[in-house]
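Quick note: the coordinates plus some simple rules give every number you see, no bench work behind them. Quantities reported herein were computed from a predicted structural model and do not represent experimental measurements. Reconstructed Cβ throughout: ideal geometry from the backbone, glycine too, with neighbour counts over all protein chains shown.
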Amino acid sequence: MEYSSITVTPLTPGIGGVISGVDLTQPLSNAQVDDLHKALDDRLVIFFRDQQIDHEDHKRFANYFGGIHIAPSTKPWQVPGHPEVTKMHADGDSKFVAGEDWHTDMSCDEAPPLGSVLYLHTIPPVGGDTIFANMYDAYEALSDRMKAYLEGMTAIHDSRQAFGDITPDGMELPRSSHPVIRTHPSTGRKSLYVNRGFTTKLEGVSRAESDAVLAFLFDHLQHPIYQCRFAWQPHSIAFWDNRCSQHVATWDYFPQVRSGYRIQILGDRPF
């Protein structure tokens with residue numbers, strides 16, 4: 001992939017790219033925005049270093065890729081005055097951290113977010129990496145027989161799987177049905193679209209069959225060969241495509257502080 005206005009350094013052959021040549025505290029040129037769209041399609045998750053952004057910078061960047069997705073279940077963590085921005089914070093008083101298991105953000109929504117832009121201003125002295133996995137490669141590595149079995153199948157994605165114990169009473173907890181094999185609207189490529197965080201059952205088969213197949217798929221998709229690992233530095237940003245990747249936040253730094261903000265970008269209904 002060639003770029004006219006940015007530099008993209010791959011993190012691994014299959015996924016991840018570190019972007020240089022942009023300042024996200026300033027508006028971007030059309031050429032930079034076009035190149036970043038291409039980089040996201042090519043690398044699935046892109047990273048930026050040394051970007052000391054504020055909430056307005058964060059929102060401006062997200063809006064280059066579509067409107068902002070505000071999930072009802074994130075309301076307790078929204079930044080006052082900036083409902084588009086969710087605070088992501090863990091310290092010695094935390095009982096859990098968001099994203100401790102492999103997941104695709106908010107796949108429980110009818111139209112899950114296209115992507116997520118996470119900015120961390122404070123990181124622990126060591127640890128706290130985020131691991132990402134390529135769901136194109138996970139799909140393509142399946143046998144032809146398994147691909148044929150999964151083609152046309154749908155699965156339930158239920159927010160209670162992830163948020164049931166921590167969401168305030170009376171708050172909406174979405175539940176949706178999505179294809180197990182998803183086609184990316186930009187690249188046209190197929191990817192595996194089930195995840196431990198939200199997927200609870202394959203539709204049209206028995207519970208026993210669903211549990212067995214999902215267990216296989218969940219193990220399969222987290223194979224290290226599909227992964228890249230991002231070591232955070234202060235004022236780094238990760239922007240990942242939720243339509244073709246999964247990720248997990250490594251909580252190996254307790255009781256140290258890891259803190260920042262996330263914005264999610266509007267997506268469409270998977271097909």
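Kirkwood hydrodynamic radius (Cα pairs, Å) of the range 7-265? Walk me through the intermediate numbers first.
Numbers: mean 1/r = 0.0531 Å⁻¹.
Result for the range 7-265, one decimal place: 18.8 Å.
What 222 nm value per residue comes from the helices of the chain, counting each DSSP H run with n ≥ 4 as -39,500 (n - 2.57) and dividing by all residues, nearest 500 deg cm²/dmol?
-6000 deg cm²/dmol
Around residue 23, under 10 Å between beta carbons, what's the net of Lys plus Arg minus Asp minus Glu among the other residues?
Net local charge, residue 23 excluded: -2.
May I ask for the distance between the Cα centers of the range 82-157 and the range 7-66, given as a whole number of Å?
If we compute the Cα centre of each part, the gap is 19 Å.
Counting only GluC sites (Glu not before Pro) that sit in a DSSP loop (anything but H, G, I, E, B) with at most 12 other Cβ atoms within 10 Å, what is the longest stretch of the chain containing none of them?
Working: sites that count: 2, 151, 172, 203.
Formally, the longest exposed-site-free interval is 3-150.
With +1 on the Cβ of every Lys and Arg and -1 on the Cβ of every Asp and Glu, and nothing else charged, how large is the dipole of the range 1-147 about its Cα centre, in debye rounded to the nearest 20?
140 debye
Using the charge dipole of the chain (Lys, Arg: +1 at Cβ; Asp, Glu: -1 at Cβ; taken about the Cα centre), state which of 235, 245, 123 has its Cα farthest towards the positive end.
Result: 245, furthest along the dipole toward the positive end.
Which net charge results for the neighbourhood of residue 97, defined as the other residues with beta-carbon distances under 11 angstrom from its beta-carbon, given Lys and Arg at +1 and Asp and Glu at -1?
Value of the local net charge: -2.
Towards the positive end of the charge dipole of the range 7-265, with charges on Cβ (+1 Lys, Arg; -1 Asp, Glu), say which of 24, 193, 104 has the farthest Cα.
About the Cα centre, the residue reaching furthest to the positive side is 193.
What percent do you get for the relative contact order of the chain when only Cα pairs under 8 Å and 6+ apart count?
34 percent.
Can you bin the range 43-126 into rounded, prolate or oblate? Criterion: square roots of the alpha carbon gyration tensor eigenvalues sorted a ≥ b ≥ c, rounded for a/c under 1.5, prolate for a/b above b/c, oblate for the rest.
rounded
Taking neighbour Cβ counts within 10 Å as the exposure measure, how do 123, 15 sort from fewest upward?
123, 15
Over the range 37-118, what is the relative contact order in whole percent, taking alpha-carbon pairs under 8 Å and six or more residues apart?
Answer for the range 37-118 is 17 percent.
Treating only the Cβ of Lys, Arg, Asp and Glu as charged (+1, +1, -1, -1), what charge dipole size does the chain show about its Cα centre? Round to the nearest 20 debye.
Numbers: 23 positive and 34 negative charges, 48 e Å.
That gives the chain a dipole magnitude of about 220 debye.
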